[in-house]
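Below: the structure, in structure tokens.
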Amino acid sequence: MSPSRAADFLQCPLLYRFRVIDRLPSAPSPAAARGTLVHAVLERVFDLPAAERTPEAAAALVAPQWERLVEEEPELAEMLETDEQRTEASWFGEAVKLIETWFTLEDPTRLEPAERELYVEAQVDGLTLRGIVDRIDVAPNGALRIVDYKTGRSPGEHFETKALFQMRFYALVLWRLRGVVPQMLQLVYLGNKEVLRYSPDEHDLLATERKITALWEAIQRAAEDGDWRPHKSRMCDWCDHKALCPEWGGTPPPLPRDAEALAVDPVVTGLVDPDG
């Protein structure tokens, strides 16, 4: 299970079904594409010698990183071409502004990350948990700090728990992999210049483990019963599949014959990397 698929089911079981069982495509959104671009630049800036990690040097990485992303996903270029409100220059300008904000929150000349964009995977009670961590810092005493970049604004109090769930998920996986509880979980919000920090302990991570196990059991029950009921919330406004949701007058497509297997097969669903 990955944090994103876990979050889908927690938000709305029908959304999980649409993404995992029906495999409904989602058009790339400008916000998501911009986030991918900024993440790529913040990863690559650490390839430079410490003294050369400047806002100007990072801004210079935007165009080549965008070219690389477009080469891998041509639909990103199509998205930009059909967006009448954005030119390539304004698109890059939005990314550069977020990157410059990051320099006001962290000083990369004083950081030497131990890992960047690290794929992690661990077994918990027979369930494979996996994810990709933006950055891991290791202190001289061995203490771990997990860092995740967010290009949006920090969440309100109501959504803060959801944001921290992802970080606790990563912390649990690293604890099982390395036997060390990460000392700090750090979310860096570039949209409004805020940093959210949390120090977990074993009690937190064991509670997260129980939550994930219960979540997987709920997914299995939904798969057996075919009951993927929607959960109406404010998040519906950002759902790509709102028109198919019964809560909004829509009709979901018929369940595939192999829906139960698709819902819980860790390779088919993409919950587990088949090459991992």
- Query: Are any of the residues in the range 24-33 surrounded by 16 or more Cβ atoms within 10 Å (Cβ to Cβ), in a helix (DSSP H, G or I) and modelled with pLDDT under 95?
  - Reply: yes
- Note on the structure: Checked Val20, Val45 against criteria (surrounded by 15 or more Cβ atoms within 10 Å (Cβ to Cβ) and within 18 Å of the chain's Cα centre (by Cα)); the one match is Val20
- Filtered residue count, the range 223-267, keeping only those that are under 17 Å from Pro13 (Cβ atoms), part of a loop (DSSP other than H, G, I, E, B) and among the basic types (Lys, Arg): 2
- Message: Need pairs with beta-carbon distance below 8 Å; first residue in contact (Cβ under 8 Å) with a residue 12 or more places away in the chain and within the range 17-37, second surrounded by fewer than 18 Cβ atoms within 10 Å (Cβ to Cβ) and among the polar types (S, T, N, Q); sequence gap 6+ or separate chains.
- Response: Arg19/Ser26
- Item | Residues satisfying the stated conditions in the range 194-217, i.e. under 30 Å from Trp102 (Cα atoms) and either in a helix (DSSP H, G or I) or more than 21 Å from the chain's Cα centre (by Cα) (or both) | Asp201, Asp204, Leu205, Thr208
- Task: Check Phe169, Phe103 and return the single one that is surrounded by 13 or more Cβ atoms within 10 Å (Cβ to Cβ), assigned to a helix (DSSP H, G or I) and more than 20 Å from the chain's Cα centre (by Cα).
- Result: Phe103
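The values are calculated or read from the model by the stated rules, or taken from the named source; none is laboratory data. Being a predicted model, the structure only gives us computed values, none of them experimental. Positions of Cβ are generated from backbone atoms using ideal geometry, with glycine treated the same way; all protein chains shown enter the neighbour counts.
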